[in-house]
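**Q** Below you'll find the structure I mean.
The values are calculated or read from the model by the stated rules, or taken from the named source; none is laboratory data. Quick caveat, the model's predicted, so the values are computed rather than measured. Virtual Cβ from ideal backbone geometry, glycine too; neighbours counted across all protein chains shown.
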Amino acid sequence: MILSTKHFKTIMFSMIVLIFMLSSLMATAPVDEGKKVYRVKNDGPLYTAYNIWYELGKENALWCINYKRGEMIPAGTEVTDVKIVEAESGRFLGGEEKAISFRTVNTGKEFLVNFKPAFHPDLTIDDYMDKMFTSKDFDELTEGMSQYEIDAIKEGKAKVRMSKESILVSFGYPPEHRTPDIEKNVWLYWMTRFETKDIHFDENGLTYRQSSDPDEL
């Protein structure tokens, strides 16, 4: 039977929609407990070293670049089941074959964080997992910081007069492909996939405003 042009286009469109739906499901399906495990981080009680963002329904589609949109897992959140596993969505979205898996103790929710080597030159996924999690709880992470800085961290903000240490707890590490040295006084963060933010520090290591905007940088 010879298909008409109209029927052929309808079939092709249906196939494209089906492929897109299957790819989306594979990128956002729950973490499979049967995945290959490459490394388990067993260092006693562990906490998030900085604020981590995720979008609802995409808990296994996070990236180590830590886009600042959606819901926030606060710095100092206790986590468990921290490990490097076989990636789910990385193969579709440009990451490598491994991802970082963890579960928050207070909610029991599981997350999968993809790692793209191009964003993190000279770092392995093992290195990054060690930077994401710490043995310090929130009070220890923020020890010596001002209440102003602590409040900004709790809000997930970067504001003027914050130290480098407090920015690291609030925003995490800037992607190394654009900020290879945090001793420098300009850090570049990805707020979304299309929006970036420069954080500038003065000679005292404190953030300052580049324009006449409000307190938030």
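**Q** Of all residues in the range 187-206, how many are touching a strand residue (DSSP E or B) at 6+ places or on another chain (Cβ under 7 Å) and either exposed (fewer than 11 other Cβ atoms within 10 Å of the Cβ) or farther than 27 Å from Tyr54 by Cβ (or both)?
**A** Of the residues in the range 187-206, 4 are touching a strand residue (DSSP E or B) at 6+ places or on another chain (Cβ under 7 Å) and either exposed (fewer than 11 other Cβ atoms within 10 Å of the Cβ) or farther than 27 Å from Tyr54 by Cβ (or both).
**Q** Looking for something surrounded by fewer than 15 Cβ atoms within 10 Å (Cβ to Cβ) and of a type in the set (Asp, Glu) - is there at least one such residue anywhere in the range 102-118?
**A** No: the range 102-118 contains no residue that is surrounded by fewer than 15 Cβ atoms within 10 Å (Cβ to Cβ) and of a type in the set (Asp, Glu).
**Q** Continuing with this model, one more query. Considering the range 141-160 alone, what residues qualify as being without any contact (Cβ under 8 Å) to a residue 40 or more places away in the chain and not in a loop (DSSP other than H, G, I, E, B)?
**A** Gln147, Tyr148, Glu149, Ile150, Asp151, Ala152, Glu155
**Q** Going residue by residue through the range 119-133, is there one that turns out to be modelled with pLDDT under 95, in contact with a Cys (Cβ under 7 Å, 6 or more places away or on another chain) and in a loop (DSSP other than H, G, I, E, B)?
**A** yes
**Q** If I ask for residues that are in a strand (DSSP E or B) and either farther than 26 Å from Val37 by Cβ or touching a residue at least 60 places away in the same chain (Cβ under 8 Å) (or both), which ones from the range 72-86 would you list?
**A** Met72, the sole residue that qualifies.
**Q** Only residues that are hydrophobic (A, V, I, L, M, F, W, C), at pLDDT 95 or above and over 21 Å from Leu141 (Cβ atoms): list them for the range 161-217, please.
**A** Val186, Leu188, Trp190, Met191 - these are the residues of the range 161-217 that are hydrophobic (A, V, I, L, M, F, W, C), at pLDDT 95 or above and over 21 Å from Leu141 (Cβ atoms).
**Q** In the range 148-162, what count of residues is obtained for those that are of a type in the set (Ser, Thr, Tyr) and touching a Leu at 6+ places or on another chain (Cβ under 6 Å)?
**A** Summing the residues that are of a type in the set (Ser, Thr, Tyr) and touching a Leu at 6+ places or on another chain (Cβ under 6 Å) in the range 148-162 gives 0.
**Q** Scan the range 132-147 and tell me whether some residue there is over 28 Å from Asp81 (Cβ atoms), among the aromatic types (Phe, Trp, Tyr) and either exposed (fewer than 14 other Cβ atoms within 10 Å of the Cβ) or out of contact with any Pro (no Cβ under 8 Å at 6 or more places or on another chain) (or both).
**A** no
**Q** Next question, about the same structure. Can you tell me which residue is farthest from Phe171 (Cα to Cα) among those in the range 40-87 that are touching an Asp or Glu at 6+ places or on another chain (Cβ under 8 Å) and acidic (Asp, Glu)?
**A** Of everything passing the filter in the range 40-87, Glu86 is farthest from Phe171 (Cα to Cα).
**Q** I'm trying to understand the selection: among the residues of the range 12-57, which are among the polar types (S, T, N, Q) and modelled with pLDDT of 50 or more?
**A** Matches in the range 12-57: Ser14, Asn42, Thr48, Asn51.
**Q** Is there a residue in the range 81-92 that is closer than 24 Å to Met191 by Cβ, buried (at least 17 other Cβ atoms within 10 Å of the Cβ), acidic (Asp, Glu) and touching a helix residue (DSSP H, G or I) at 6+ places or on another chain (Cβ under 9 Å)?
**A** Within the range 81-92 (the criterion being closer than 24 Å to Met191 by Cβ, buried (at least 17 other Cβ atoms within 10 Å of the Cβ), acidic (Asp, Glu) and touching a helix residue (DSSP H, G or I) at 6+ places or on another chain (Cβ under 9 Å)), the answer is no, since none of the residues qualifies.
**Q** Do we have Ile167 as without any contact (Cβ under 8 Å) to a residue 60 or more places away in the chain, aliphatic (A, V, I, L, M), under 26 Å from Val82 (Cβ atoms) and crowded, with 17+ Cβ neighbours inside 10 Å here?
**A** Yes, satisfied.
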